[in-house]
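I have placed the structure first, in the form of structure tokens, so that the comments after it can refer back to it.
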Amino acid sequence: MKLLGGRATGLFNRWLKRRIPAASQVRLNHRQIFIIPTRAGLGLLLLLGIMLMGAINYQNSLVYAVTFILGSLFWVSLHHTYRNLASLELHASGSHAVFAGEAAPLHIRLRAPRHEHQGLILSWPHTQPQRLDVRKNSDTRVDLYHPTEQRGWFSPGRLRIETRYPLGWFVAWSLVDLDWKVLVYPKPLNIPLPAKRGAADGDGDQPLGEGVDDFQGLRNYQPGDSRRRLDWRAYSRGQGLHSKVFAEPLQDTLWLDLEQAPGLDLEQRLSCLCGWVMQLEQQSRPYGLLLAGVHRGPAMGEMHRDQCLRALALYGRSA
């Protein structure tokens, strides 16, 4: 039975992939929307059947009228429930990296080009549903959250969007894959920093690296530069945005080596390195990272931190 169930699930997922392929934006139409009666709708159908049998048996015109009025409402409700999802546009507007165990924020933008959409519910399995309305010709931005467990690239899977508007007799839904990809860093461990260790080829004079001691000059601003190092005076004079560059001897650099990181397995050692990177950034100390086939630094700052964390997240996995 389990084998048959797994096979049926696989067939359904392949069919769904062909019918609703992954895309960064989706406009819902009849191909993506599914609709069935709810329990309340099935109960109403049963009631209408009983009322119709009673009207036929007793030839009661009043019961006929009530039956046909409720039946007409049931039919109209079907079309309104479908219409409440039809033509809705969903756009994945990005996310940002998180640490393993944290909830990944997934930004989504919804647009209603034709009419208003009311009582929408967005969710993944085992997540808190998000309820919202979307006004006509307006963008509605929503932040959804999905838990993460392992490092590397994370995809939350198909998002379920449904509605039971207006009377709750039908539920219309769609399963859209907005092709989100979130980079998940290893979970940082709070372990004391190792003793200082120079680079393997550290004989002789040490060159200067980016640090916090001696002012060396200015360079053009690069994304990730700390705001505390921006030259606001030059910017106010119309000379463009520049960053102040400081230097210090690399002999004080702390090298983080995967082979020397404590831990029972690879994941614990990577988590240890991740914790060390965060500690050194908080202390504004330069550091380098040594992995098999990866050499980062020595440096410091947001850009260097992100490069090191990315290398730890994707170590041994496809980038």
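The values are calculated or read from the model by the stated rules, or taken from the named source; none is laboratory data. Keep in mind the model is a prediction, meaning the values are calculated, not measured. Every residue, glycine among them, receives a Cβ derived from its backbone with ideal geometry; neighbour counts consider all protein chains shown. Remember, those area values only see protein heavy atoms, side chains included, never the ligands or the DNA or RNA. Shrake-Rupley method; radii C 1.70, N 1.55, O 1.52, S 1.80 Å.
Details
- Taken over the stretch 39-90, the criterion of being surrounded by 15 or more Cβ atoms within 10 Å (Cβ to Cβ) and among the charged types (D, E, K, R) is satisfied by 83, 89.
One line per residue, one yes/no per condition, for (1) hydrophobic (A, V, I, L, M, F, W, C); (2) open to solvent by less than 40 Å² (accessible area, probe 1.4 Å); (3) farther than 17 Å from residue 99 by Cα:
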| site | (1), (2), (3) |
| --- | --- |
| 275 | no, yes, no |
| 289 | yes, yes, yes |
| 295 | no, no, yes |
| 298 | no, yes, yes |
| 302 | no, no, no |
| 306 | no, no, no |
| 312 | yes, yes, no |
| 316 | no, no, yes |
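- All positions within the stretch 145-178 that are open to solvent by 80 Å² or more (accessible area, probe 1.4 Å) and either farther than 19 Å from residue 34 by Cα or in contact with a strand residue (DSSP E or B) (Cβ under 8 Å, 6 or more places away or on another chain) (or both): 145, 149, 150, 153, 164, 165
- Among residues that are touching a helix residue (DSSP H, G or I) at 6+ places or on another chain (Cβ under 7 Å), small (Gly, Ala, Ser) and either closer than 30 Å to residue 134 by Cα or assigned to a helix (DSSP H, G or I) (or both), residue 54 is included.
- Cβ-Cβ under 6 Å pairs, at least 6 apart or on other chains, the stretch 277-290 side assigned to a helix (DSSP H, G or I), far side of a type in the set (Ser, Thr, Tyr): 280/287
- Selected residue (criterion: nearest to the chain's Cα centre (by Cα)) from residues of the stretch 106-144 that are open to solvent by less than 10 Å² (accessible area, probe 1.4 Å) and in contact (Cβ under 8 Å) with a residue 40 or more places away in the chain: 106
- Residue that is farthest from residue 178 (Cα to Cα) [pool: residues in the stretch 91-102 that are open to solvent by 50 Å² or more (accessible area, probe 1.4 Å) and under 13 Å from the mean Cα position of the chain (by Cα)]: 102
- When 92, 103, 22 are checked against the criterion of being over 20 Å from residue 171 (Cβ atoms) and without any contact (Cβ under 8 Å) to a residue 60 or more places away in the chain, 103 stands alone in meeting it.
- Answer residue from the stretch 12-33, given it is in a helix (DSSP H, G or I), at pLDDT 85 or above and open to solvent by 70 Å² or more (accessible area, probe 1.4 Å) and is farthest from residue 88 (Cα to Cα) among those: 14
- Of all residues in the stretch 256-273, those being open to solvent by 40 Å² or more (accessible area, probe 1.4 Å), among the aliphatic types (A, V, I, L, M) and within 29 Å of the chain's Cα centre (by Cα) number 1.
- Qualifying position, being in a strand (DSSP E or B) and at pLDDT 95 or above, among 132, 120, 144, 106: 120
- Picking from residues in the stretch 27-40 that are more than 12 Å from residue 85 (Cα to Cα) and touching a residue at least 40 places away in the same chain (Cβ under 8 Å), the one that is farthest from the chain's Cα centre (by Cα) is 40.
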